[in-house]
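Notes for the one structure printed next.
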Amino acid sequence: MQTVITQYSNKFARLFGKSSGATGKLKVIFHDFPGGAEGFELMLKFCYNNGTADISPSNLFLARCAAEYMEMKEPVADVSNLLELTEKSLQEINYWTWSDVLIALKQCQNLLVLDCSVMVERCLDTIVGRLVLASEASPCPSTSSTDSSWIRFSCDSKSTESVKTSFTRLTWWFEDLLFLSPLLVAMLVKSMLLRKMDHVLISRFLLYYQKAKFSTSTTNEKSKIIEVVIDMHYEMDLSCVPCKTLFGILRVTLGLNISKCSRNKLETMIGSQLDQATLDNLLVPSPYGISYLYDVNLVLRFLKAFLRRGNGLVTPIRMRKVASLIDLYTAEIAPDPCLKTSKFLALATALPDSARDSYDEIYHAMDMYLEV
């Protein structure tokens, strides 16, 4: 085995070269071999088959990671290079079926090897490219033809769905991509945004992904998932993301320990559309340990974001809508006996005087607060 493998592996050649003067047997143990025994067996088959291997989408990434690990980048002798062989196979990715791309991507994700990053990007780019072409042509290309054109996805089971709504046809791929980790979903969405895919459709995919994954996820996993959902929405055109959607995401975050950065992004997005919110949206329960009933600090941060994002360009109509909403909110929370005076005053004075045509609602809220 030593002589055979050293023809192809620089790592083996180096290891056995150092032990050339030693007597007895040399024992080599690899604790972190990519793919474990399966990956090692694939590498051995290549070596014992005179530098040939049956490379397919189902084992391409496993072979590539094994080649990287065994340092098969440069042949030790005048022999085949496993890394080059996998690269040639990867160049054929445009001719793979949709199922083949998903299988390859799933294997690469399961390997958890950094060397797979380029391959992951190739797969994700291929997926996005096909979705873009599908949206431009038809949601699911006809499979009646027997040719092997690369644009034909694994729509076999979906080809009879022509009677369904256009929305259903546009979202047929949602279920196929649920196996992706939050990290790969982020990479996928960034690629979609670069390729100018519809932001509304991307948002619906993210929400579908979050809802589907939450049923089987731990608390920590849920936090990572919702962080990706927030971070990716932050990269979109906010005109495509309804305020109702953002408040729905906010409700999901309650009780989860998400990063401060993601939370700030969500609050900024909501604040920029505060004029579209309703009173029910703002009635968010206070965090654990806070005595007053509703999270007033959260609403104050929304107000700050609204004024900051406007940069002085908030129209009078939008300003009056927000002022009316905040007055209703202030009146709603005024009867809370635990509400601090400083918080009440902060709400009453957060907006400029020009935002209100009348102070009647504020006076009404003050009366209720003082009575309590």
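Stokes-Einstein, applied to the Kirkwood radius of the range 273-372 over Cα pairs at a viscosity of 1.306 mPa s and 10 °C, places its translational diffusion at 115 µm² s⁻¹. Among all lysine pairs in the range 261-372 that are eight or more places apart or on different chains, how many have alpha carbons less than 20 angstrom apart? So the count works out to 4. Between the C-alpha center of the range 85-107 and that of the range 268-309 there is a gap of 47 Å. Amide H contacts for Ile258 (H built 1.01 Å from N in the peptide plane; partners 5 or more residues away or on another chain; cut-off under 5 Å): none found. Extension gain for the segment Leu254 to Thr278, taken as residue separation times 0.36 nm less the Cα-Cα distance, is 6.8 nm to one decimal. Computed from phi, the 3J(HN,Hα) profile of the range 36-51 under the Karplus parametrisation 6.51, -1.76, 1.60 (θ = phi - 60°) reads x, 4, 5, x, 5, 5, 5, 5, 5, 4, 4, 5, 7, 9, 6, x Hz, with x in place of Gly and Pro.
Counting pairs of alpha carbon atoms under 8 Å apart in space and at least six apart in sequence, what relative contact order in percent does the range 180-279 give? Relative contact order comes out at 30 percent. For Tyr294, the residues whose amide H sits under 5 Å from its own are Ser286, ignoring neighbours fewer than 5 places away on the same chain, with H placed 1.01 Å from N. For Tyr288 and Asp353, a Förster radius of 35 Å and the Cβ-Cβ distance give a FRET efficiency of 0.45, rounded to the nearest 0.05.
Full extension of the chain between Glu38 and Ser215 gives 60.6 nm of extra length, using 0.36 nm per residue less the Cα-Cα distance. With the simple spin-label model, which puts each label point 7 Å out from Cα in the Cβ direction, the Lys340 to Glu84 separation comes to 7.1 nm.
Between Asn94 and Glu371, the FRET efficiency estimated from the beta carbon spacing at R0 = 51 angstrom works out to 0.10. A simple charge model with +1 on the Cβ of Lys and Arg, -1 on the Cβ of Asp and Glu and nothing else charged puts the dipole of the range 273-372 at about 620 debye relative to its Cα centre. Projected onto the charge dipole of the range 273-372 (+1 at Lys/Arg Cβ, -1 at Asp/Glu Cβ, origin at the Cα centre), which of Leu279, Leu303, Ser342 gives the Cα projection farthest towards the positive end? The residue sitting most towards the positive pole is Leu303.
Given their separation in residues at 0.36 nm each and the Cα-Cα distance between them, Val118 and Arg195 gain 25.9 nm when the chain is fully extended. Once the C-beta distance of Val132 and Lys304 is scaled by a Förster radius of 51 Å, the resulting FRET efficiency is 0.85 to the nearest 0.05.
Read-outs throughout are calculated quantities, based only on the coordinates presented, and are distinct from any laboratory measurement. Computed from a predicted model, the values in this text were never measured in an experiment. Here the Cβ is made from the backbone with ideal geometry for all residues, glycine too, and neighbour counts use every protein chain on show.
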